[in-house]
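In what follows, a structure is listed as structure tokens, so that the remarks can point back to it.
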Amino acid sequence: MASTTSAGDSASDSAFEARIAAGETIEPKDWMPERYRQQLVRMMSQHAHSEIVGMLPEGNWITRAPTLRRKMCLLAKVQDEAGHGLYIYCATETLGIDRSQLIDQLLSGKAKYSSIFNYPTLTWADIGVIGWFVDGAAIVNQTVLAKASYGPYARAMVRICKEENFHKRQGFEIVATLAAGTPAQHTMVQDAVNRWWWPTLMMFGPSDANSPNSAELLRWRVKRFSNDELRQRFVDLTVAQAQAVKLTLPDPKLRYNAETKHWEHGEIDWAEFKQVISGNGPCNRERLAARQAAHDKGAWVRAAAAAYAEKQRRTSAAPAA
Ligand code: ACO
């Protein structure tokens, strides 16, 4: 479990900052400032919650996948997301917080999860576009988190990113198939692109000027690039992919700047982002209600686990005959 002392222990603080500056990895038993621990708990638990809530919009399509192959891929993908949530909850527990506390924070609305999972999946094309855009954005964000200063988080990201690559590829394959299909299929996938593009750009978080946590996280090398830098990287990668499958990104201001060698994009609707992260997106209530129902249905498992743990404790405490 993480070891911290209250602020003001300047020798420990300086030694910690020196380790960060030297590019060392911080491990659970190492001393760390309380604020570093809190920032990690906040960010990692939100990430874990996102993986778990993120199963809902896609899980919604498992029974309606158009072929057996698509169904198997989607099942595997949704199952992977559960695994990602579990790795990250475990990694967060190394910071001295119990998973049940984290889940309480999610269910009470205290903890956030990614804004993107508060949008509905209206057609099969949405499943393709989620794989392409949402998992594509997650890869851009998480390959750099694999170099984060906190060891358990960074290591969890290595495996997660490998699986995310499969997720992105299966999504892009669905998109490419629909885009090259009948006019109705092309229209359906273009509509999904139109609906998911802007929410995907919001996944990277507020612009750097309005990101209260970034300075600290960058200084401590939890984040290695800013929100805007990663968003730009995603846009630069995705424009060419959209062109390859003859789909249009819904941004009339999208233009290539030959000097900067970046694709410039239009203004993001930050009012919409604020609404979604305040609990007022199209599906926020539905998502939390689904998580609460799953939690309630699992009460018997938690009770059985607690009873087993208690039995183990009593057995090991009993004097040998
Ligand atoms: N959705 C919901 N909340 C968000 C989002 C978002 N897309 N972006 C930012 N926020 C919240 C932050 O959590 C923060 O709120 P808080 O202080 O109450 O916790 C607030 O908006 C201000 O944002 P920042 O100061 O920029 O926050 P931060 O520095 O933590 O950056 C980011 C946000 C980029 C999401 C970062 O936390 C991160 O990289 N997290 C890990 C990756 C992750 O969680 N991905 C989720 C999707 S993973 C998937 O596809 C399954």
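Could I have the simple spin-label model distance between TYR256 and ARG313, label points 7 Å from Cα toward Cβ, reported in nm to one decimal? It is 6.4 nm. Let me know the whole percent of all Cα-Cα pairs from the stretch 16-62 that are separated by more than 12 Å. Of all Cα-Cα distances in the stretch 16-62, 71 percent exceed 12 Å. Assuming a ≥ b ≥ c are the square roots of the Cα gyration tensor eigenvalues, decide whether the chain counts as rounded (a/c under 1.5), prolate (otherwise, with a/b larger than b/c) or oblate. Oblate, because a/c is 1.5 or more while a/b does not exceed b/c. Of the residues VAL140, PRO152, THR177, the one whose Cα sits farthest toward the positive end of the charge dipole of the stretch 122-199, with +1 on the Cβ of Lys and Arg and -1 on the Cβ of Asp and Glu, is PRO152.
Gyration tensor analysis over the Cα atoms of the stretch 181-283 returns equivalent ellipsoid semi-axes of 27, 19, 11 Å (largest first, whole Å).
Dipole size in debye (nearest 20) for the chain around its Cα centre, Lys and Arg Cβ +1, Asp and Glu Cβ -1? Walk me through the intermediate numbers first.
Details: 39 positive and 34 negative charges, 170 e Å.
Dipole about the Cα centre, nearest 20: 820 debye.
For VAL41, the accessible surface of its heavy atoms amounts to roughly 20 Å² (probe 1.4 Å, protein chains only, rounded to the nearest 10).
Compute the semi-axes of the equivalent ellipsoid of the stretch 33-182, taking the square root of 5 times each eigenvalue of the Cα gyration tensor, and list them largest first in whole Å.
Over the Cα atoms of the stretch 33-182, the ellipsoid semi-axes are 30, 16, 12 Å.
For the chain, the solvent-accessible area works out to 50 Å² per residue, with a probe of 1.4 Å and every protein chain left in place. Amide hydrogen proximity for MET32: with H placed 1.01 Å from N in the peptide plane, the residues at 5 or more positions away or on another chain lying under 5 Å are SER3, THR4, THR5.
Here the chain exposes an accessible surface that is 58 percent carbon and sulfur, computed with a 1.4 Å probe and the other protein chains kept in place.
Which entries of LYS77/LYS110; LYS110/LYS274; LYS71/LYS162; LYS112/LYS253 show an alpha-carbon separation above 22 angstrom in the structure shown?
Working: LYS77/LYS110 28 Å; LYS110/LYS274 15 Å; LYS71/LYS162 20 Å; LYS112/LYS253 31 Å.
LYS77/LYS110; LYS112/LYS253, as the Cα separations exceed 22 Å there.
Near HIS262, the amide H atoms lying under 5 Å from its own belong to ASN257; only residues 5 or more places off or on other chains count, and H is placed 1.01 Å from N. Please state the shape class of the stretch 37-117: rounded when a/c is under 1.5, otherwise prolate if a/b exceeds b/c and oblate if not, all from the C-alpha gyration tensor. Because a/c hits 1.5 or more and a/b exceeds b/c, the stretch 37-117 counts as prolate.
Sequence-ordered 3J(HN,Hα) estimates for the stretch 275-287 from the Karplus curve with 6.51, -1.76 and 1.60 and θ = phi - 60° stand at 4, 5, 7, 8, x, 10, x, x, 10, 3, 5, 4, 5 Hz, glycine and proline given as x. The string of couplings for the stretch 220-236 from the Karplus curve (6.51, -1.76, 1.60, θ = phi - 60°) is 8, 6, 7, 8, 10, 9, 7, 4, 5, 5, 6, 4, 5, 4, 5, 4, 4 Hz, one whole number per residue in order, with x for Gly and Pro.
Between ILE26 and TYR150, GLY151, the built amide H atoms are under 5 Å apart, and every one of these is 5 or more places off in sequence or on another chain.
When shorter helices are ignored and each DSSP H run of at least 4 residues is given -39500 (n - 2.57), the per-residue value for the chain at 222 nm works out to -20000 deg cm²/dmol. The reciprocal of the average 1/r between distinct C-alpha atoms defines the Kirkwood hydrodynamic radius, which for the stretch 122-190 equals 12.8 Å.
Of all lysines in the structure, the ones whose alpha carbon falls short of 23 Å from that of LYS29, not counting any fewer than 8 places away in one chain, are LYS147, LYS223. Taking the average, over residues, of other Cβ atoms within 10 Å as the packing measure, peptides 214-225, 87-98 rank 87-98, 214-225 from highest down. Taking θ as phi - 60° and the Karplus parameters 6.51, -1.76 and 1.60, the scalar couplings of the stretch 288-305 work out to 5, 5, 5, 5, 5, 5, 5, 4, 5, 5, x, 4, 5, 5, 5, 5, 5, 5 Hz in sequence order, x denoting glycine and proline.
The values are calculated or read from the model by the stated rules, or taken from the named source; none is laboratory data. Please read all numbers here as calculations on a predicted model, not as lab measurements. All Cβ positions, even for glycine, are placed from backbone atoms using ideal geometry, and neighbour counts span all protein chains on display. Note: areas computed on protein heavy atoms with side chains; ligands, DNA, RNA excluded. Shrake-Rupley method; radii C 1.70, N 1.55, O 1.52, S 1.80 Å.
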